[in-house]
Amino acid sequence: MHKLTRATLAFNGLGRFSIAEKHLSAIKITSRGLVSAEHGHDSGKNEVYDVIISGGGMVGSAMACSLGMDPNLEGKKILLLEAGNKKVMDKVPENYSIRVSSISPGSASILSGIGAWEHITKMRCKPYKKMQVWDACSDALITFDKENLQDEMAYIVENDIIVAALTKQLDCLSDNVQVKYRSKVVKYAWPLPHQAADSIPWVKVTLASGETVQTKLLIGADGPNSMVRQELGIPTVKWNYDQSAVVAVLHLSEPTENNVAWQRFLPTGPIAMLPLSDTESSLVWSTSHRLAEELLELDEESFVDAINSAFWRNENQSELIETAGSLFRGALSVIMPSAGSPRQLPPSVAGIGPKTRVMFPLGIGHASEYIRHRVALIGDAAHRVHPLAGQGANLGFGDVACLTQLVSQAAFDGKDLGAMQHMLQYETERQRHNLPMMAAIDLMKRLYSTNAAPAVLLRTFGLQATNMLPALKEQIVAFASK
Amino acid sequence: MYANKFGRVMLALYSRNTATACGGLSTATACGGLPSAAGRSGFSWTAVCKQRTLWLQRTACLNTQQNPVPCHVSARSASQTTVDPDELRRFQSLAGKWWDEQGEFSALHAMNDLRVPFIRDNLLNVHGVRHPGKPLRGLRILDVGCGGGLLTEPLGRLGANVLGIDPVGDSIGTAQLHSSTDPDLCERVCYRASTLEELAAEGDEAEEEQGAGQFDAVVASEVVEHLADLETFAFCCNQVLKLGGSLFITTINKTNLSYALGIVVAEQLLRIVPGGTHDWDKFISPVELERLLESNGFSVQSVQGMLYNPVSGAWSWTASTAINYALHAVKVRDDPHTEQAGGGSSTHPEDHPTAAPHS
C-alpha cells in the first residue's frame with residue numbers, strides 16, 4: 001500500500017512541477033516512482049524504513065504498537081523484527097504459565113493507551129491490593145496497601161498474555177507497522193556521523209535470510225544480552241548476582257481471596273508468592289545457584305514443604321534481634337500508636353502446577369548510554385534488574401512511553417527521527433528515573449543478603465520505621481507505580 | 001583574523017554599495033580611505049553610520065561627477081537584482097559546511113526548533129487542513145535562499161511540496177545530495193539554483209492567462225539581511241504567491257543591541273557565526289519591513305522576537321524584537337505595480353528604501 005501511495009505522489013509531483021522544473025530531478029522522480037511501484041512484494045532491496053524495532057518481546061512489541069498508533073507518525077514505515085514465532089493465543093490456556101510480571105498502574109495505563117490492556121483484561125490478569133514484605137531474621141515487616149483496600153496496587157499478568165495481547169493489537173495496525181517473525185539479525189552496519197559522498201546515512205540491518213533493510217531510527221529492544229548494544233560497543237555496567245530465580249505455579253491448600261502479594265527476605269534471597277487466581281499463585285524464589293539446583297531436583301512434596309517452611313519458619317531469628325526488634329516496635333508505637341500492622345501469614349501451598357519449574361540466573365546491568373546516532377535502547381537492553389521489586393517490565397514500559405512521546409514530537413516538528421537532539425532528551429529523562437530505582441533495588445538485595453547482626457538490626461529498624469510512616473510508604477508506592 | 005576580514009569586507013561593501021546607489025555604476029573601486037572597522041568607539045553607532053554613509057556618498061558623488069543633489073543613499077543598491085555578489089562569494093566558500101550540525105551553521109540548525117513550528121502552526125491556522133502525520137500536505141512552499149536545505153527538509157517531511165532556491169550553485173548541490181538518500185523527501189523536495197527574480201519572471205510568462213501565483217507560502221529565513229534590493233524581493237514574493245498565501249521572514253533588527261550582540265559578540269567574540277556574515281546596514285527593523293511589505297500588497301499578521309542562548313545553543317521566543325525576529329505576512333492583494341519590475345522607477349516616495357538608520 002505504501003508503494004502505491006508513493007508512486008501516485010510521485011506522478012502528482014511531476015505534474016505540479018512541470019512548469020517550474022526543467023530538471024533532471026523530474027526524471028529522477030519518475031524513475032524512483034516506477035521503481036518503488038515495482039516493490040509490491042517484499043524484495044527487501046535495502047528498503048528504507050522510518051523506524052525498525054529489533055526484538056519482539058513485551059517491551060519491543062509495546063514500542064511497535066505505541067509508534068503505530070501515534071497520529072503524528074501516521075504514514076511512517078515501522079518494522080518490528082522478532083527472531084521467534086508469532087505468539088497467537090486464540091484461547092487462554094487453562095494452565096498458568098510460569099513467567100509472570102507485576103504490572104504497575106503506570107504501565108497499565110501505558111498499555112491501555114496502546115489498546116493492549118483491554119485484550120489483557122479479557123484474557124487473564126489478577127489485580128492485587130496489598131503487599132506484605134517481611135524479614136526472616138527478625139519480626140520486622142512492612143505492608144503496602146492503597147487506602148481501605150479499594151484500589152488495585154498492581155496487577156500480576158503472565159508474560160505470554162502480555163505478548164499475545166500486543167500481537168493482537170499489532171494485527172490491527174498492519175497498515176503502519178510491519179512485523180517480521182523468524183527474522184534473526186546477523187549484522188548491523190552503523191552510519192557515519194557526517195555524510196560522505198557515497199555513504200548511506202541510514203542504519204543497515206542484515207537478517208539471517210540475507211535480506212537487508214535500512215532505517216532512520218533503530219530501537220534496540222533485544223533483551224539483557226542485547227546484540228544492538230554489544231555491536232555499538234556501549235560500555236555496560238553489569239555483574240551477575242550469585243543468585244538464580246526458581247519459578248513455578250503453586251496450587252494453594254484452600255481457595256482464598258488471594259489479593260495480597262507476599263515477599264519474605266531469607267538470608268539466601270527473597271521468596272515471593274504472587275497471586276494468580278483464588279486457588280493459584282506464582283512463585284519467584286531467588287536464591288543461591290546451588291540451592292536453586294537442589295530445589296529443582298526435589299520431588300513435588302519436598303518442594304512444597306520447602307516453600308511452606310521458607311514462608312512460615314522462624315529459625316533464623318536470634319534472641320538479640322528479637323529483643324531489639326520488639327523494643328523498637330514498642331518505642332515506635334508510643335510515638336505513633338495507630339500505625340503499623342499485624343503480621344499476616346501467606347496461604348499455605350498444597351501442590352505445584354503441571355509445568356516444570358525452571359531457574360534462570362539473575363544479574364544487574366545498566367548501559368552507560370541509551371542512545372547513539374540513529375539508535376536507541378529500551379527495556380532490558382538498556383537496564384536489567386533483580387526481580388525482587390517487580391520493576392523490570394515497568395521500567396521498560398516507561399521507556400516506551402517516553403521515547404514514543406519524543407519521537408512523535410520530533411515528527412510533528414519535521415525533524416529527522418534519528419537526530420540526536422530528542423534522543424538525548426530520552427536518555428536523560430529515563431536515566432534519571434531508572435538509575436535511582438536500580439540503585440534502590442540493588443541496595444535492598446545487598447542489605448537483605450546477610451544475616452550478620454548489624455545489617456539485620458539496621459534493616460529491622462529501617463523497615464519498622466518505614467512501616468510506621470504512611471507518608472513515606474505512599475511515596476515509595478508512587479515511585480514504583482510510575 | 002576575523003576582525004580584519006570583517007574590516008576589509010565592510011570596506012568593500014560600503015564602497016561598492018554607495019557607489020551604485022548614486023549612479024547605477026558597479027565599480028569595484030574603494031572610495032578613498034575609510035575609517036577601519038576597528039576604529040569604533042562607544043557612542044551611538046547609528047550616528048557614526050549615518051555620518052559615514054553621508055560622507056561616502058558625498059565623496060563618491062564628487063568622484064564620479066554625478067548629479068550633485070544628494071540622492072537617497074542606502075546600503076543596498078536600487079538595482080533590479082536582489083543578489084549581492086559579495087554575499088554570493090561568501091556563501092560559496094561555505095557551501096560544503098551546511099550539514100555539519102556542530103559547525104558554522106549550528107545556530108541555523110538550532111533555529112529550526114522555532115521556525116518550523118512557527119511556519120507550520122501559522123499555515124495550519126490559515127489553511128486549517130488536518131492530515132495526521134503530514135500536517136502540511138497539499139501545500140506548495142517556496143524556500144528562498146534555502147542554502148543547504150536546512151529548513152527545506154523539515155518542511156518537506158511535514159508533507160509540503162517544497163521548492164528550494166538559492167543563487168549559490170554549490171549550496172544547491174549540497175542540498176540535493178543530502179536529500180537524495182531519503183526516499184520520503186525525494187518526491188516532495190526540489191532544488192534549483194536560481195534567484196527569486198528569475199523564478200518570478202518565469203512564473204509570470206507561463207501563467208499569464210491565470211495571473212495567479214503558484215505557491216501557498218514563501219519562506220525567506222535569514223535572507224533579507226543578505227539581499228541587495230528589498231523592494232524587488234517583496235515585489236517578487238507577491239508575484240509568486242497565491243492570493244491569501246503566507247510569507248514568512250526571519251531576520252535581524254537594526255538596533256544598537258543587534259549591532260552589539262549580533263555582530264560584535266556573535267561574529268567576533270563568540271564566533272557563533274562566521275565573521276563578516278552580517279552587515280549591520282542591511283538589517284531592517286520590523287516597522288520598516290512591515291511598511292515595505294504593506295506597500296507591496298501584504299498584511300503583516302504577527303511579529304515575534306527570537307533570542308539565541310549561546311551557552312545552551314538553543315533559541316527561544318521572546319517578547320523583544322530587538323535582535324532577531326520572525327514575521328508572518330499574508331498576501332491580500334496583487335501588487336499594483338506589476339509593469340514596473342524593480343524598484344528604481346517607483347513613483348511612491350514611501351517605497352524608497354531610506355538611508356536613515358532606524359534604531
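Worth pointing out:
- Every residue from the range A:402-440 that is touching a residue at least 60 places away in the same chain (Cβ under 8 Å), out of contact with any Cys (no Cβ under 8 Å at 6 or more places or on another chain) and over 29 Å from B:LEU185 (Cβ atoms): A:GLN431, A:ASN434, A:LEU435, A:MET438
- Number of positions in the range A:314-334 that are assigned to a helix (DSSP H, G or I) and either touching a Phe, Trp or Tyr at 6+ places or on another chain (Cβ under 7 Å) or exposed (fewer than 15 other Cβ atoms within 10 Å of the Cβ) (or both): 10
- The residues of the range A:65-111 that are outside any loop (DSSP other than H, G, I, E, B) and farther than 27 Å from A:TYR128 by Cα, listed by number, are A:LEU67, A:GLY68, A:PRO71, A:ASN72, A:LEU73, A:ILE78, A:LEU79, A:LEU80, A:LEU81.
- Residues that are in contact with a strand residue (DSSP E or B) (Cβ under 8 Å, 6 or more places away or on another chain) and either charged (D, E, K, R) or buried (at least 18 other Cβ atoms within 10 Å of the Cβ) (or both), drawn from the range A:467-479: A:ASN467, A:LYS473
- Residue match in the range A:426-437 (condition: more than 14 Å from chain B (Cβ to nearest Cβ), of a type in the set (A, V, I, L, M) and either surrounded by 20 or more Cβ atoms within 10 Å (Cβ to Cβ) or within 29 Å of A:THR466 (Cα to Cα) (or both)): yes
- Residue match in the range A:284-296 (condition: within 22 Å of A:CYS137 (Cα to Cα) and acidic (Asp, Glu)): no
- B:HIS131 being surrounded by fewer than 22 Cβ atoms within 10 Å (Cβ to Cβ) and at the interface with chain A (Cβ under 10 Å from one of its Cβ atoms): yes
- Count - residues of the range B:140-169 that are more than 8 Å from chain A (Cβ to nearest Cβ), surrounded by 24 or more Cβ atoms within 10 Å (Cβ to Cβ) and farther than 25 Å from B:VAL83 by Cβ: 1
- The set of residues from the range B:181-193 being facing chain A (nearest Cβ under 8 Å) and either assigned to a helix (DSSP H, G or I) or within 22 Å of A:THR215 (Cα to Cα) (or both) comprises B:THR181, B:ASP182, B:PRO183, B:ASP184, B:CYS186, B:GLU187, B:ARG188.
Yes/no matrix, rows are residues, columns are (1) touching a strand residue (DSSP E or B) at 6+ places or on another chain (Cβ under 7 Å); (2) not aliphatic (A, V, I, L, M):
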{"residue": "B:ASN238", "(1), (2)": "yes, yes"}
{"residue": "B:GLY245", "(1), (2)": "yes, yes"}
{"residue": "B:ILE252", "(1), (2)": "yes, no"}
{"residue": "B:THR255", "(1), (2)": "no, yes"}
{"residue": "B:GLY262", "(1), (2)": "yes, yes"}
{"residue": "B:VAL265", "(1), (2)": "no, no"}
{"residue": "B:LEU269", "(1), (2)": "no, no"}
{"residue": "B:GLY276", "(1), (2)": "no, yes"}
{"residue": "B:LEU292", "(1), (2)": "no, no"}
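- Residue check for A:TRP134: hydrophobic (A, V, I, L, M, F, W, C), in contact (Cβ under 8 Å) with a residue 12 or more places away in the chain and not in a helix (DSSP H, G or I): yes
- Pairs with Cβ under 8 Å, 6+ apart, first in the range B:180-192 and under 18 Å from B:TRP99 (Cβ atoms), second aromatic (Phe, Trp, Tyr) and at pLDDT 90 or above: B:THR181/A:TRP202
- Close pairs from the range B:287-309: first part of a strand (DSSP E or B), partner among the acidic types (Asp, Glu) and surrounded by fewer than 18 Cβ atoms within 10 Å (Cβ to Cβ), Cβ under 6 Å, at least 6 apart: B:VAL300/B:GLU290
- Residues (farther than 24 Å from A:ILE103 by Cβ, more than 14 Å from chain B (Cβ to nearest Cβ) and among the small types (Gly, Ala, Ser)) located in the range A:43-92: A:SER43, A:GLY44, A:ALA83
- Taking the criterion of being within 15 Å of the chain's Cα centre (by Cα) and not acidic (Asp, Glu), the residues of the range B:151-193 that qualify are B:LEU151, B:GLY164, B:ILE165, B:PRO167, B:VAL168.
- Checked against (1) within 14 Å of chain B (Cβ to nearest Cβ); (2) closer than 30 Å to A:ARG329 by Cβ, A:HIS422 passes all but a single condition, namely (2).
- Here A:PRO267 passes the criteria (1) touching a Cys at 6+ places or on another chain (Cβ under 7 Å); (2) buried (at least 19 other Cβ atoms within 10 Å of the Cβ) except the one numbered (2).
- Residue in the range B:204-215 that is modelled with pLDDT of 90 or more, in contact with a strand residue (DSSP E or B) (Cβ under 6 Å, 6 or more places away or on another chain) and at the interface with another protein chain (Cβ under 9 Å from one of its Cβ atoms) present: no
- Here A:LEU252 fits the description: under 30 Å from A:LEU345 (Cα atoms), surrounded by 19 or more Cβ atoms within 10 Å (Cβ to Cβ), modelled with pLDDT of 90 or more and more than 14 Å from every other protein chain (Cβ to nearest Cβ).
- Candidate set from the range A:403-415 (those that are more than 8 Å from chain B (Cβ to nearest Cβ) and either β-branched (Val, Ile, Thr) or part of a loop (DSSP other than H, G, I, E, B) (or both)); member that is nearest to A:ALA64 (Cα to Cα): A:THR404
- Residues of the range A:349-363 include at least one that is under 19 Å from A:THR236 (Cα atoms) and buried (at least 19 other Cβ atoms within 10 Å of the Cβ).
- Looking only at the range B:145-157, and only at residues there that are out of contact with any Phe, Trp or Tyr (no Cβ under 8 Å at 6 or more places or on another chain) and of a type in the set (A, V, I, L, M, F, W, C), the one that is nearest to A:PHE412 (Cα to Cα): B:LEU155
- Matching option when the condition is at pLDDT below 90 and among the basic types (Lys, Arg), among A:LYS126, A:LYS87, A:LYS122, A:LYS76: A:LYS87
The values are calculated or read from the model by the stated rules, or taken from the named source; none is laboratory data. The structure presented is a predicted model; accordingly, all values stated were derived computationally and were not measured. Using ideal geometry, Cβ is built from the backbone for each residue, glycine included, and neighbour counts are taken over all protein chains shown.
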